[in-house]
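**Q** Input: one structure, supplied below.
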Amino acid sequence: MAKMWAGVTDGMTAKIADDFNSSIHFDSRMYRQDITGSMAHAAMLAAKGIISPEDADCLVAGLEAILGDIESGALPIDMECEDIHMFVEQVLTQRLGDVGKKLHTARSRNDQVALDIRMYLRQEIDDITDLVRKLLAVLVDKAEEYKSAIMPGYTHLQRAQPITFGHHLMAYAMMLLRDVDRLSDCRKRMNFSPIGCCALAGTTYDTDRYFEAEKLGFEGICLNSLDGVSDRDFCVELMSAISVLMMHLSRFSEEIILWSSWEFKFVELSDAYTTGSSIMPQKRNPDMAELVRGKTGRVYGDLMALLTTLKGLPLAYNKDMQEDKEAVFDACDTVKMCLEVFCGMIKTMSANTQNMKLAAQKGFINATDLADYLVKKGLPFRSAYKISGQLVALCIQTGTVLEDLPLDTYKTYSDLFDSDLFEAIDLSNCVEKRISVGGTSVASVESQIAYVKAIL
Ligand code: ARG
């Protein structure tokens, strides 16, 4: 069939060119935004006297019927069409005759597609944000449950200082809060309407761009028509916000994978989120966490793909820009899937607090507290640090731990040591004494939890 844009050419493109050019298999998901945008456009055309009110009513009713028919399944989307914009206009014209042909007055597919993506992604941001908030709620509950479960905190993946599992979980909650913030920031800049920029230069009709923007829930309009049709910053921004979010999920996944190994045995994933091996009967594989980690690479790829597509494009619209959608849709679909799985995985994950405690007892993670003990008795920190280090070395040599060294041995290193040192290096006390804001004490973790809950 000849194209709607047939004119200077006969529009009889080669089949292979049609297939190559067509975007309907991925942009059909924007049918709702396309139709809603067109309804606002028809209303604006009538409000400004560019078309008659009767024509506008007819167009709006026709568009409404198309929307209903697509949603009920009565109108299957024709994959032979070039894109969703052409499909809707074609059906409208088939159904309404000449009136249908009036819809595309004072607009172009260039501003139309820019409008549709912004509206579509705006909704995606809201959906992704809801999922992050759900995950935050789950995380906060887990942190509450384990706010006094002692585990080793690590630096360089070496046991460093005692912390609680609740404190560790709340670190991820803070990251996710920033992700919510980043998403909302991105939404703010995205929420400007490009419709009315037309092909690139604006239009000679006396249109009202603010009318359409307001009807469609935008904060304002794009103030330069060339920019309005060729800006895809908002896709890049959204994909970078999603990439950071995925990076957080990926780091968390990595820890869950480590923690559920036999070497750690700090957590157990529920059967519902664990897979088996086809050959090794003992295996409980953390596939969900591994896939989230894996899919993070895929989302980074989406971001890089679009950045690279855009970097050399002259103003204004170029067909290269059609490549924006698959990348940004994939990033959105992927992060939503990951968040949903993650939520269930964390909700049903249990901690092996016994093993965490055992691990905490083995790595001299109270050595800093031993040094601090001496400092509080008047020794300069560097000297105290040295004595504490020498005592750790002695423990390693003799196969013991700081808690089990006799007081007499301590006294040969410094006469500041007294029997109260054992209280100072007791792991629970080490945690409880870290009352600085943001620290690992139960009270501090409780206030972190309260902070996040208040925001939620
Ligand atoms: N399918 C196109 C896209 O996604 C719509 C815009 C087409 N505009 C044009 N001048 N060919 O970018």
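**Q** When the expected Rg is taken as 2.2 N^0.38 Å, what fraction or multiple of it is the alpha-carbon Rg of the stretch 284-340? The partial results should precede the final answer.
**A** Details: Rg = 14.5 Å, N = 57, 2.2 N^0.38 = 10.2 Å.
Normalised Cα radius of gyration, the stretch 284-340: 1.42.
**Q** Which residues' amide hydrogens lie under 5 Å from the amide hydrogen of Gly153, considering only partners 5 or more residues apart or on another chain, with H built in the peptide plane?
**A** Those lying under 5 Å, H to H, from Gly153 are Ala160, Gln161, Ile163.
**Q** Over the chain, calculate the relative contact order: mean separation of alpha carbon pairs under 8 Å at least 6 apart, over the residue count, as a percent.
**A** Relative contact order of the chain: 16 percent.
**Q** Find the accessible area per residue for the chain; the probe is 1.4 Å, ligands and nucleic acids are left out, and the unit is Å².
**A** Working: 21460 Å² over 456 residues.
Dividing the accessible area of the chain by its residue count gives 47 Å².
**Q** So what is the 222 nm mean residue ellipticity for the chain from helices alone, if each DSSP H run of at least 4 adds -39500 (n - 2.57) and you divide by all residues, rounding to the nearest 500 deg cm²/dmol? Intermediate values should be presented prior to the final figure.
**A** Numbers: 19 runs with 281 residues, N = 456.
Counting only the DSSP helices, I get -20000 deg cm²/dmol.
**Q** For Leu313 and Lys15, calculate 0.36 nm times their separation in residues minus their Cα-Cα distance, and state this gained length in nm to one decimal.
**A** 104.6 nm
**Q** Mind giving me the FRET efficiency for Asp208 and Ser277? R0 is 60 Å, r the Cβ-Cβ distance, nearest 0.05 is fine.
**A** FRET efficiency, Asp208 to Ser277: 0.40.
**Q** Something else now. Could you tell me the distance between the Cα centroids of the stretch 395-456 and the stretch 1-44, to the nearest Å?
**A** 67 Å
**Q** I've got another one for you. Expressed as an acute angle from 0 to 90° and rounded to the nearest 10, what is the orientation of the C-alpha long axis of helix 367-376 relative to the principal long axis of the chain?
**A** 70 degrees
**Q** Per residue of the stretch 346-354, what does 6.51 cos²θ - 1.76 cosθ + 1.60 with θ = phi - 60° give for ³J(HN,Hα)? Whole Hz please, x for Gly and Pro, Karplus curve as stated.
**A** 6, 4, 9, 7, 10, 9, 8, 5, 4
**Q** 7 Å from Cα along Cα→Cβ at both Met175 and Asp141: what's the point-to-point distance in nm?
**A** Result: 2.2 nm between the two label points.
**Q** When the Cα centres of the stretch 243-312 and the stretch 88-161 are compared, how far apart do they sit, in Å?
**A** Comparing the Cα centres of the stretch 243-312 and the stretch 88-161, I get a distance of 21 Å.
**Q** Multiply the residue separation of Ala6 and Leu407 by 0.36 nm, subtract the distance between their alpha-carbon atoms, and state the gained length in nm to one decimal.
**A** Stretched out fully, the Ala6 to Leu407 stretch lengthens by 134.9 nm.
**Q** Using only C-alpha positions, report the orientation-averaged shadow area of the convex hull of the chain, nm², one decimal.
**A** For the chain, averaging the hull's shadow over all directions gives 29.8 nm².
**Q** Efficiency by 1/(1 + (r/R0)^6): what FRET value for Trp262 and Lys134, r their Cβ-Cβ distance, R0 = 22 Å, to the nearest 0.05?
**A** Calculated value: 0.10.
**Q** Here's a follow-up. Report the local net charge at Asp372: Lys and Arg +1, Asp and Glu -1, summed over other residues whose C-beta lies under 12 Å from its C-beta. It would help to have the intermediate numbers written out before the result.
**A** On the way: positive: Lys376, Lys377, Lys433, Arg434; negative: Asp369.
Net charge around Asp372: +3.
**Q** In the chain, what percent of the accessible surface is made up of carbon and sulfur (1.4 Å probe, ligands and nucleic acids excluded)?
**A** Details: 11760 of 21460 Å².
Carbon and sulfur: 55 percent of the exposed surface of the chain.
The values are calculated or read from the model by the stated rules, or taken from the named source; none is laboratory data. None of these values were measured; they are calculated from a predicted model. Cβ atoms come from the backbone with ideal geometry, glycine included; neighbour counts cover every protein chain shown. These area figures cover heavy atoms from the full protein model, side chains too; ligands, DNA and RNA do not enter into them. Shrake-Rupley method; radii C 1.70, N 1.55, O 1.52, S 1.80 Å.
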